[in-house]
Every structure is written in structure tokens, then in C-alpha cells.
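> I am attaching a structure below and will ask some questions about it afterwards.
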Amino acid sequence: MTFGEQPAYLRVASDLREKIVNGALPPHTRLPSQARIREEYGVSDTVALEARKVLMAEGLVEGRSGSGTYVRERPVPRMIARSGYRPEKGASPFRQEQTADGARGTWESRSEQEGASAEVAERLGIEPGDRVMRTHYVFREAGEPIMLSTSWEPLAVTGRTPVMLPEEGPLGGCGVVDRMAAIDVVVDNVAEEVGARPGLAEELLALGGVPGHVVIVIGRTYYASGRAVETADVVVPADRYRVAYHLPVR
């Protein structure tokens with residue numbers, strides 16, 4: 001096999017990836033052993049090992065203790081719809097962070113006060129160490145974790161008000177726009193930045209992923225007259241979900 005300019009391990013990984021994608025190596029099939037890869041492609045043990053590592057990092061194969069490396073079942077990606085900051089009347093306050101097929105998931109949360117990190121402070125336009133309310137969410141559909149979210153709200157805005165705890169009190173769970181309106185703060189803009197990165201160990205543990213899996217990260221910030229009143233990071237497993245935006249034309 002002629003490898004040309006591309007590193008040998010990437011060429012081997014590419015060929016094995018193609019076999020997985022076209023079904024020549026179907027789900028639950030054992031990946032050729034390191035010795036078999038070495039023999040078939042005429043490469044060293046190191047190259048064979050690195051090629052397997054690439055496929056594992058891409059989430060195409062998984063190791064099973066004492067058994068070998070197997071092709072993973074490839075989930076059909078599902079859509080998570082995001083449609084701006086004003087949910088339809090009567091909808092769940094987290095409607096924009098639910099799947100688009102009409103399902104209504106559940107979530108669990110916990111809130112606690114902390115000093116703002118430098119990154120959070122920059123996003124909120126406050127000083128590092130200023131007090132914020134941090135709330136961590138786990139969203140589920142049919143019991144399966146589909147998404148994580150961590151939000152931060154400056155206590156200079158919500159402190160000592162009925163909406164200081166996002167999921168408690170008379171407006172608990174009503175969403176940022178409605179909660180802020182209750183304390184005469186009018187949310188008039190929202191910005192989102194979408195990126196991707198390898199999932200952190202604790203994120204993948206919560207989402208049921210494996211080390212090396214990529215997650216989609218949506219950084220969202222709500223504004224009222226130019227002042228940031230809430231910022232959040234939404235984390236979605238990239239191998240199982242796609243994020244679709246439905247934005248009104250003004």
C-alpha cells in the first residue's frame with residue numbers, strides 16, 4: 001500500500017473509517033487486531049496502534065476490557081431546536097433547549113452562590129470575584145441525559161429579589177425573560193456563540209459519552225439595554241445531536 005505524503009497512521013485510519021462508514025465493518029464487529037493491521041497495511045506496530053487511537057478519538061470504535069476493540073453503534077443524530085429567547089405561549093421555559101420532535105423533557109438543577117471567574121466576569125461585564133448565582137442543569141428525555149447547561153446571573157441584578165434562585169420561589173422555572181421582567185428588567189437581546197471541543201471527563205460521564213468524544217458548546221448571554229443579566233454554557237453531545245436554529249425574520 002502506497003501512503004504518499006500523509007502520515008501512515010492517518011492513511012490506515014482513513015481506510016478503516018471508510019470500511020466502518022460503508023458497512024464493511026458493521027457495528028459490534030471486532031476491529032482487526034494490531035497484528036492484522038500491521039500485516040495487511042505493511043506498517044509498524046506503532047502505526048497500527050496510532051490508527052486505532054484515531055478511530056477511538058473519533059468515537060467510531062470502543063475498547064472492551066479483555067475482549068478487544070469493536071465498532072460502535074452509530075446513533076442517528078437528532079435535532080435540538082433553538083428559536084430565540086421568547087418561547088411560545090404556554091411552552092416550557094426551556095423549550096428552546098428541547099428536541100424539535102415535540103418531546104418535552106425533564107431537567108434537574110442545583111444553584112449556589114460563588115465569585116465570578118475571570119471568564120464569567122468578562123461575559124457579564126462585572127469584576128472577577130463579584131457574586132453570581134451559578135445554576136447547573138441536566139436535561140433528560142425519556143430518562144436519557146441529552147444536554148448540560150450551567151448559567152450565571154449577577155447578584156447585583158437578582159440578589160435579594162424573588163427571582164434570585166432560578167428554579168425556586170414564585171417564578172421558579174419561568175425562564176430568564178419572564179423572571180427578569182418580574183423585577184422590571186426587560187431582556188431585549190440574546191447572543192449565542194457555537195463551538196466544539198473534546199468533552200470534559202465530568203461532562204462525558206454525565207452525558208453517557210466516552211473519552212475523546214466531541215461536544216457542541218453554545219455560549220449564550222441575555223442582555224437588557226446592553227447590560228448582561230445572564231450567561232450560560234450549553235453542552236450537547238455532538239455524535240447524537242445537531243443544533244438547528246429557527247429565527248424570525250424582522
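> Taking interchain pairs and intrachain pairs at least six residues apart, which have beta carbon atoms under 7 angstrom, with the first residue in the stretch 36-48 and of a type outside the set (A, V, I, L, M, F, W, C) and the second buried (at least 20 other Cβ atoms within 10 Å of the Cβ) and part of a helix (DSSP H, G or I)?
Hits for this filter: 38/48; 41/12.
> OK, next. Inside the stretch 24-60, can you point out the residues that are among the small types (Gly, Ala, Ser) and over 27 Å from residue 215 (Cβ atoms)?
We begin by selecting, within the stretch 24-60, every residue among the small types (Gly, Ala, Ser); these are 24, 33, 35, 42, 44, 48, 51, 57, 59.
Those that are among the small types (Gly, Ala, Ser) and over 27 Å from residue 215 (Cβ atoms): 24, 33, 35, 42, 44, 48.
> Let me ask something else about it. So, in the stretch 108-126, of the ones that are aliphatic (A, V, I, L, M) and open to solvent by 30 Å² or more (accessible area, probe 1.4 Å), which residue ends up nearest to residue 191 (Cα to Cα)?
First pass over the stretch 108-126, keeping only residues aliphatic (A, V, I, L, M): 116, 118, 120-121, 124, 126.
Now drop any that are not open to solvent by 30 Å² or more (accessible area, probe 1.4 Å), which leaves 118, 126.
Numbers: 118: 19, 126: 17 Å.
By that ranking, first place goes to 126.
> Can I ask one more? Restricting the search to the stretch 102-139, which residues are among the charged types (D, E, K, R) and either assigned to a strand (DSSP E or B) or under 15 Å from residue 221 (Cβ atoms) (or both)? Give the steps one after another, and end with the answer.
Of the stretch 102-139, the ones among the charged types (D, E, K, R) are 104, 108, 110, 112, 114, 119, 122-123, 127, 130-131, 134.
108, 110, 112, 114, 119, 122, 123, 131, 134, listed by residue number.
> One residue is enough: does the stretch 239-248 have a residue meeting the conditions surrounded by 14 or more Cβ atoms within 10 Å (Cβ to Cβ) and part of a loop (DSSP other than H, G, I, E, B)?
Residues of the stretch 239-248 surrounded by 14 or more Cβ atoms within 10 Å (Cβ to Cβ): 239-241, 243.
So of that shortlist, the ones also part of a loop (DSSP other than H, G, I, E, B) come out as 239-240.
Taking every residue of the stretch 239-248 in turn, at least one turns out to be surrounded by 14 or more Cβ atoms within 10 Å (Cβ to Cβ) and part of a loop (DSSP other than H, G, I, E, B).
The values are calculated or read from the model by the stated rules, or taken from the named source; none is laboratory data. A quick note: this is a predicted structure, and the numbers were derived from the prediction, not measured. Methodologically, a virtual Cβ is constructed for each residue, glycine included, from the backbone with ideal geometry; neighbour enumeration extends over all protein chains shown. Heads up: the accessible areas ignore ligands, DNA and RNA and are worked out on the full protein's heavy atoms, side chains in. Shrake-Rupley method; radii C 1.70, N 1.55, O 1.52, S 1.80 Å.
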